[in-house]
């Protein structure tokens with residue numbers, strides 16, 4: 001069989017394989033990718049993951065088909081006398097085709113990823129103290145304070161009340177301000193699609209808009225010391241009315257300790273020496 | 001003279017002087033323990049003493065090996081009497097030896113031992129993760145295991161391929177009789193061994209809680225076990241940069257006549273590109289660790305936010321080293337892959353220039369991507385599109401390596417020997433590793449996958465699936481040359497298939513587990529992940545057991561069976577296979593000259609180097 005027809009077969013198998021796998025990736029696997037459709041950030045990540053998988057599919061199918069085909073068809077027979085293959089040292093056209101297709105895919109992914117990042121206001125990722133992409137309109141700021149080894153939450157628009165549990169109203173744009181009092185932590189609200197490192201002295205902002213009601217998992221995603229594995233929590237997305245009554249009740253419950261708390265600030269300095277100046 | 005023979009200098013004197021040096025340093029360090037230094041009172045730990053002890057211990061170890069003999073004799077104006085130990089005896093493997101082939105075998109055994117320890121740590125980690133709650137180790141011991149596994153592997157494996165195979169083969173491949181700096185070559189090995197022992201001493205000082213990344217401010221807060229991590233990685237960095245320097249100098253200055261850059265075997269290019277990374281990246285690591293050391297001892301505040309420093313500075317500097325570091329692990333594997341594929345496809349390397357461009361491109365780009373480790377850290381958020389682009393650009397040169405490999409297979413006469421199986425598995429594993437890397441390079445997708453088991457599984461696919469599979473490919477391919485004995489082919493295949501299947505059934509599910517919300521380095525996990533984690537743990541145990549099969553095969557083949565391999569068991573046309581196995585002490589009687597083709601398969605030329613290679617004289 002001529003080399004050209006080997007090439008044709010590999011090409012055909014790649015096309016057939018891609019035609020089978022690609023729809024499965026786009027319509028079956030993609031929509032079920034984590035972190036799910038609870039929030040705008042989650043949705044944007046699912047969409048991103050689907051696009052990445054779709055772009056990778058033809059390349060993956062080609063490489064696997066090629067290796068499988070080559071190992072089967074070009075294999076020397078066990079009792080065959082040792083002979084050399086043809087001395088082919090390169091092929092200009094296939095090198096150029098490879099270069100152009102991979103470059104196109106990479107540039108597409110980089111542009112797509114950047115556009116998607118800005119379109120989704122950082123896609124739930126920590127975007128530093130001055131994010132460029134911000135949602136317009138009303139936002140609810142919620143401060144997340146990481147310390148060894150728990151998260152606490154402050155609501156500056158509700159008198160800076162500090163709570164031990166995280167409650168968020170549904171269909172509201174949330175502005176997380178993540179900071180730390182000691183080591184580096186990372187606030188990971190899995191179902192919300194939010195992850196932002198908590199650095200001491202840094203106000204790390206992440207945006208998310210939950211659109212479903214329910215409980216979500218919060219874990220620390222950056223090694224922060226001995227009890228890192230126990231630094232988890234359950235948060236809740238609730239209806240606005242429920243949130244309003246909850247926050248009111250929290251303010252009452254914590255009113256007695258409120259005056260011992262430091263004034264709400266974007267960062268805190270727990271070190272007594274530094275605080276004294 | 002007789003007395004000197006008796007007392008060394010060898011490994012025994014080195015260990016004795018190393019231990020003595022450690023305790024002398026420990027005593028010296030405690031002279032600082034004055035009441036005026038208040039943090040000793042507060043913390044009850046004396047990091048200064050421990051750092052001095054590590055320093056004097058390592059110096060004692062090196063002096064015991066005989067590294068001081070030559071400079072001291074020269075300084076005193078005496079004729080140097082360094083026993084190079086180049087000629088005979090098993091003793092040369094247990095001391096300072098400047099024969100590059102002895103150093104290569106020392107590396108193979110020494111690094112193999114530490115990889116084995118690192119692998120045992122992984123088994124203990126997976127034992128803990130059999131259940132969602134803590135049941136095996138306490139939280140501190142678990143973190144120490146995680147840190148020891150990561151640090152041991154990342155530190156030792158930097159030289160995992162370069163150490164044994166480049167030291168042994170690179171001079172032969174370029175037609176040289178030795179490395180450019182033979183004493184430095186020996187030093188890199190013994191520094192690495194000293195470093196490995198230093199890291200193990202962390203157990204005696206309470207372990208360290210930071211994992212292999214050692215982030216501030218946790219590294220400042222940690223107890224004395226942290227000092228072992230700092231000393232270990234600084235020593236590894238020193239060894240790496242010296243190794244890289246030596247390799248580059250050797251390739252530049254020691255090539256045989258006619259061996260221009262375009263005629264080098266591709267493995268040499270892999271070594272050169274890796275060495276550039278080692279030489280440029282490792283000094284950053286050494287400096288950042290010195291800063292951590294100063295933070296811990298002299299109470300500076302480089303990384304202490306409250307004192308005006310910044311933990312971001314540590315993250316930045318660490319990853320300026322850390323990302324080139326992971327390509328230090330990947331590139332030599334690519335070199336081995338592209339060296340082995342032509343032999344077992346009976347074809348010249350396809351796209352030689354493309355492959356070289358790929359290696360150099362990876363080396364260059366790897367310096368420009370480090371902040372993709374910090375996408376959600378809040379640092380330089382506006383620069384994320386740039387790092388997204390630069391990270392994804394790395395897949396272009398990596399693609400060159402792949403297309404060169406695929407092209408070499410094209411129309412070949414493929415023999416599925418054990419080294420070839422490991423090479424093909426490399427292609428599969430690195431494909432999965434590379435594709436999973438795309439999710440981590442894309443910021444929206446990275447928000448979920450960062451710091452999860454997904455990123456852990458990703459780099460295990462590239463490092464274990466890439467580097468370790470290439471390491472084994474190199475062992476099965478070259479150990480017959482290095483020892484003169486065949487490795488058993490059937491048990492090699494058993495080892496391969498068990499390792500390949502269990503590797504994928506370990507790390508494939510881990511990719512999914514990460515996506516499902518399991519953070520790295522946590523001793524507990526959510527209950528719904530138990531089934532998957534138990535599956536992974538069992539697979540990991542099988543993976544560990546496959547290493548025992550390898551070990552048994554290795555010992556059986558080399559110690560008991562001892563089937564002579566002959567000079568060229570794979571019918572390769574590369575130069576190292578035209579020499580006797582094992583390669584004699586001075587490599588060549590005459591320096592060979594090289595033709596224009598490193599892979600003359602399918603041409604009438606036969607072996608390009610043969611006319612120039614005189615059979616080496618057996619040395620008594």
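Below are the figures for this structure:
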quantity	calculated
Label-point separation, residue A:22 to residue B:135 (7 Å along Cα→Cβ), nm	4.7 nm
Separation in nanometres of the label points that stand 7 Å from Cα toward Cβ, at residue B:204 and residue B:280	4.0 nm
Ordering of B:418-429, A:187-198 by burial proxy (mean other Cβ atoms within 10 Å per residue, highest first)	A:187-198, B:418-429
Degrees, to the nearest 10: A:40-73 long Cα axis against longest axis of chain A	20 degrees
Cα long-axis angle, helix A:3-23 against chain A (0 to 90 degrees, to the nearest 10)	30 degrees
With Cα atoms, 0 to 90° folded angle of helix A:240-253 axis to chain A main axis	50 degrees
Shielding by other protein chains, B:347-359, mean Cβ within 10 Å	3
Using a Förster distance of 60 Å, the FRET efficiency for residue A:6-residue B:23 (Cβ separation, nearest 0.05)	0.30
Per-residue average of Cβ from other chains inside 10 Å of A:213-225	5
Least to most buried among B:227, A:84, B:99, B:220 (fewest other Cβ within 10 Å first)	A:84, B:220, B:99, B:227
Distance from region B:183-251 to region B:97-151 (C-alpha centre basis), Å	14 Å
Cα-based shape type of chain B, given that a ≥ b ≥ c are square roots of the gyration tensor eigenvalues and the cut on a/c is 1.5	oblate
For the protein assembly as shown, calculated [θ]222 nm from helices alone, where every DSSP H run of n ≥ 4 adds -39500 (n - 2.57)	-18000 deg cm²/dmol
Rounded if a/c under 1.5, otherwise prolate or oblate - the protein assembly as shown, Cα gyration tensor axes	oblate
Taking B:573, A:77 and counting other C-beta atoms within 10 Å, the order from fewest to most	A:77, B:573
Inter-chain Cβ neighbour average for residues A:112-123, partner chain, 10 Å	5
Estimated distance in nm for a label pair at residue B:252 and residue B:552, the labels positioned 7 Å out from Cα along Cα-to-Cβ	4.9 nm
Span from the region A:107-173 Cα centroid across to the region B:433-454 one, whole angstrom	20 Å
Whole-Å distance, taken between Cα centres, linking region B:366-383 and region B:506-536	26 Å
Among beta bridges that DSSP assigns inside region A:140-258, antiparallel share in %, nearest 5	70 percent
B:75, A:73 arranged by Cβ crowding within 10 Å, fewest neighbours leading	B:75, A:73
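The numbers here are math on the coordinates, done by the rules we state, and not lab data. Source: prediction; values computed, not measured. Every residue, glycine among them, receives a Cβ derived from its backbone with ideal geometry; neighbour counts consider all protein chains shown.
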